[in-house]
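The values are calculated or read from the model by the stated rules, or taken from the named source; none is laboratory data. Values in this document were obtained by computation on a predicted structure and should not be read as measured data. Here the Cβ positions follow ideal geometry from the backbone for every residue, glycine too, while neighbour counts run over all protein chains shown. Quick note on the areas: whole protein, heavy atoms, side chains included, nothing else; ligands and nucleic acids left out. Shrake-Rupley method; radii C 1.70, N 1.55, O 1.52, S 1.80 Å.
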Amino acid sequence: MPHLEISDLITATDPRTGARLPVRRAEVVHRLREAGDRHAARIVARLPADRHDVLDPHAVDRLMIGVHTELQRLSEELRLGKRLVHILGPVFEAVRATATGRLRLVDVGSGLGYAVRWLAAHHSLGPDVELVGVDLDAALVGEAARLARAEGLDCRFVHGNAFDLPEAATVYVSTGVLHHFRGPDLAGFFRAQAASPALAFCHFDIAATRLAPIGAWVFHRSRMRHPLGRHDGVASARRAHTDETLLQAAAAPGMRPLLYEPRGLANPFCTTLRPVIGIRPELEAPLRRAMGRSARRLVGPEHLAGAAR
Amino acid sequence: MTPQDAAPALAVTLTALGLVDSAFSGFRAHAGRDARIRKHRAVVRATLRGLAVGAGLLLAPVLTAGAVLLAAADRDRTYAALAEGAIGFLVPLACYTTAVLLSLAAYLVLPFRASTLALVAGLGPLTLLRPLVLAAACAGTLASGGGAPALLVGAAAGAAVLCVEPLVHRRWYAAPQR
């Protein structure tokens with residue numbers, strides 16, 4: 001049975017126009033029941049809908065903002081900002097070896113923009129790095145922009161497709177997005193970045209350890225209040241991609257795929273989130289130099305092939 | 001030293017633990033409701049709100065203990081039973097508090113990789129265990145010979161501290177902060 005996340009199903013956006021599409025509650029409930037997830041179906045059945053059974057978009061937006069606000073707490077507790085800087089600092093150091101002028105970090109599927117806003121608030125990557133968050137959900141983008149304005153943060157948020165921006169990204173990042181891509185879409189996601197002018201990408205997602213679903217249950221049960229957040233938190237841990245899947249998918253032409261802290265090298269209790277990195281091949285050596293001792297935790301596909309032998 | 005002699009110190013210790021727990025409950029009631037990056041003031045305010053609500057609610061076990069003593073036929077014996085019950089109530093709480101403080105210290109002091117361990121293996125599960133620990137504390141009042149009067153006071157104290165977070169949450173943080 002596929003593991004579905006409710007938040008993926010209750011909002012729909014036209015990827016070309018960015019326009020919101022109506023979502024029929026009964027169809028979502030049916031899909032979740034088909035997937036054998038009665039609990040999720042009950043959560044959706046309680047959501048407000050109009051007389052045509054279309055989910056109330058305002059209620060869904062409020063719910064999504066509420067759940068993402070709660071979700072941010074987990075990012076705060078797991079010190080996601082510091083994890084990002086631990087990798088992105090050396091990535092940008094390597095990138096500066098070849099790139100000149102203003103650099104641009106684009107956060108794909110930025111949600112409430114915690115990563116971008118944290119980096120802006122802490123001036124972590126230097127004044128030459130423009131921070132941009134992009135998401136297909138207009139309500140989340142609006143709220144992210146409002147939060148950034150309220151704190152006077154030097155970053156911006158765009159509603160739309162991250163690979164369709166008028167200005168090219170230097171480095172693409174994301175947090176908790178990869179597990180939403182299934183099958184060929186995952187490789188397509190990496191290929192789009194390799195085909196762009198970007199010099200690197202760095203995508204953090206849940207490490208697919210045996211402990212991940214149990215840890216996600218405990219963590220979301222103790223931290224999240226809304227049943228949707230609790231449900232999706234565990235579903236996302238179950239959907240996390242294995243190291244092999246990520247490295248295979250990230251091996252797009254022109255990019256050197258690297259995984260930081262793969263299963264064999266990391267304590268599963270300490271590695272809840274870890275990134276898959278892609279970097280133009282000529283920048284790998286500067287990246288490893290910039291990472292110092294931490295570079296030993298960085299492995300390419302050959303490491304997994306060696307481990308399998 | 002008899003349990004009766006230690007009763008004032010036990011009462012102070014349990015009240016202090018209840019107030020500290022209330023402050024943390026205030027923090028938890030606010031956590032996940034404020035998406036700003038810089039929110040130290042809001043966190044302090046939420047903590048103080050928890051403390052204030054906890055201080056009010058903790059009057060419940062104090063008044064219960066007073067009522068039990070006033071209604072008792074043999075006040076000395078009831079006082080002794082309450083003191084013995086307080087020891088039984090304190091033991092599970094002391095173990096829990098130690099575990100929380102160790103986890104919290106590890107989380108705050110260690111670098112992010114190790115602090116994740118403190119969070120995932122310590123602070124997360126310990127939050128879930130709070131009601132069970134209070135149930136164990138209530139059972140402790142009986143095990144230590146406190147009897148029904150101590151169980152009643154312990155149950156009032158347990159209910160009081162468990163109510164702080166939902167009350168603060170509903171009163172001030174029912175919706176994400178704008």
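At the listed q of 0.16, 0.17, 0.24 Å⁻¹, the Debye profile of the range A:120-184, built from one uniform point per Cα, gives log10 I(q)/I(0) equal to -0.62, -0.70, -1.24.
Rounded to whole numbers, the Karplus 3J(HN,Hα) couplings from phi for the range B:53-67 are 5, x, 4, x, 5, 6, 5, 4, x, 5, 5, 4, 4, x, 5 Hz, using 6.51 cos²θ - 1.76 cosθ + 1.60 with θ = phi - 60°, and x at Gly and Pro.
Work out, in µm²/s and without decimals, the Stokes-Einstein translational diffusion coefficient of the range A:147-304 at 4 °C, 1.567 mPa s, Rh from Kirkwood over C-alpha pairs. All intermediate terms of the calculation are to be shown ahead of the outcome.
Numbers: Rh = 16.9 Å.
In µm²/s, the coefficient rounds to 76.
Residues whose amide H lies under 5 Å from that of A:ALA12, counting only those 5 or more places away or on a different chain, are A:LEU21; hydrogens are built 1.01 Å from N in the peptide plane. Angle of helix A:138-150 to the longest C-alpha principal axis of chain A, folded into 0 to 90 degrees and rounded to 10: 60°.
Which value, in nm² and rounded to one decimal, describes the direction-averaged projected area of the C-alpha convex hull of chain B? For chain B, averaging the hull's shadow over all directions gives 11.1 nm². Taking θ as phi - 60° and the Karplus parameters 6.51, -1.76 and 1.60, the scalar couplings of the range B:101-110 work out to 5, 5, 5, 5, 4, 4, 4, 6, 9, 6 Hz in sequence order, x denoting glycine and proline. When the surface is traced with a 1.4 Å probe over the full set of protein chains, A:THR271 keeps roughly 10 Å² accessible.
Heavy-atom accessible area for A:SER124, with the other protein chains in place and a 1.4 Å probe, reaches approximately 40 Å². Computed over chain A, the range of Cα coordinates on each principal axis works out to 60, 47, 34 Å, biggest value leading. Look at the stretch B:123-131: the mean tally of other chain Cβ atoms within 10 Å of its residues' Cβ atoms is 4. What whole-number distance in Å separates the alpha-carbon centres of the range A:115-178 and the range A:1-55? So the separation of the two Cα centres works out to 27 Å.
Per-residue shielding of B:115-122, expressed as the average number of other chain Cβ atoms within 10 Å of the residue Cβ, stands at 6.
Once you reduce the range B:37-63 and the range A:182-196 to the center of their Cα atoms, the two points are 49 Å from each other. Taking only Cα atoms, what is the 0 to 90° angle, nearest 10, from helix A:80-95's long axis to the longest principal axis of chain A? So the helix axis and the longest Cα principal axis differ by about 40 degrees. Rounded to the nearest 5, the antiparallel percentage of DSSP beta bridges internal to chain A is 45%.
Amide H contacts under 5 Å for A:LEU273: A:ALA207, restricted to partners 5 or more places along the chain or on a different chain, H placed in the peptide plane at 1.01 Å from N. Between A:ASP56 and A:ALA49, A:ASP50, the built amide H atoms are under 5 Å apart, and every one of these is 5 or more places off in sequence or on another chain. Accessible surface for A:SER222 stands near 20 Å², nearest 10, in the context of the full protein assembly shown (1.4 Å probe).
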